[in-house]
Amino acid sequence: MTAASVDKWMNHQASDEWEEMMKRVAAFHHKHDFANKNGHDMGYRIALTVEELGELSAAITKGKPIEECAEEMADILILLMGHSIAMDIDLKSAFEKKYQRIMKREALTGRLGIRVTEYKAD
């Protein structure tokens, strides 16, 4: 399915695992009425994402159990999927398009490690 609102996802018959996951995120948004309680405001959502990235970073740098790291990654994934609902973006299609681009890139090694980017250092 292409980009869709909470209601469209809720009423959609999922045809694969990705659509089932999106439908579940939409159900979460529906349950808490995100659309009517500022939950789809992207400024707010980006702040939540930064918060969750900080929690993932802390879990990794503090050597927390891998299960805690996985939980923080899941929080970020759920947020990103919710962003796509809030913005009516077909995230799966965007992923496929971006994946095709990044697979054509060369890897660069900088001071901190490998980067696969279009950026060229001077």
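Only the coordinates and a few stated rules stand behind these numbers; no lab work does. It should be emphasised that the depicted structure is a prediction, and the values quoted were computed from it without experimental measurement. Glycine also receives a Cβ, built like all others from the backbone with ideal geometry; neighbour counts cover every protein chain displayed.
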Take residue 32 and tell me if it is out of contact with any Lys or Arg (no Cβ under 6 Å at 6 or more places or on another chain) and free of Cβ contacts under 8 Å to residues at least 12 places away in the same chain.
yes
Being surrounded by 15 or more Cβ atoms within 10 Å (Cβ to Cβ) and part of a loop (DSSP other than H, G, I, E, B) is the filter here, so list the residues in the stretch 1-10 that pass it.
1, 3, 4, 5
Being surrounded by 12 or more Cβ atoms within 10 Å (Cβ to Cβ), of a type in the set (Lys, Arg) and over 24 Å from residue 11 (Cβ atoms) is true for just one of 101, 115, 111, 45. Which residue is that?
115
Exactly one of 59, 86, 74, 94 is farther than 18 Å from residue 39 by Cα and touching a helix residue (DSSP H, G or I) at 6+ places or on another chain (Cβ under 7 Å), and that one is 59
For the stretch 11-28, give me the residue count where each residue is exposed (fewer than 14 other Cβ atoms within 10 Å of the Cβ) and more than 15 Å from residue 77 (Cβ to Cβ).
5
Given 106, 72, 96, which one is without any contact (Cβ under 8 Å) to a residue 40 or more places away in the chain, within 25 Å of residue 18 (Cβ to Cβ), loosely packed, with under 15 Cβ neighbours inside 10 Å and not β-branched (Val, Ile, Thr)?
96
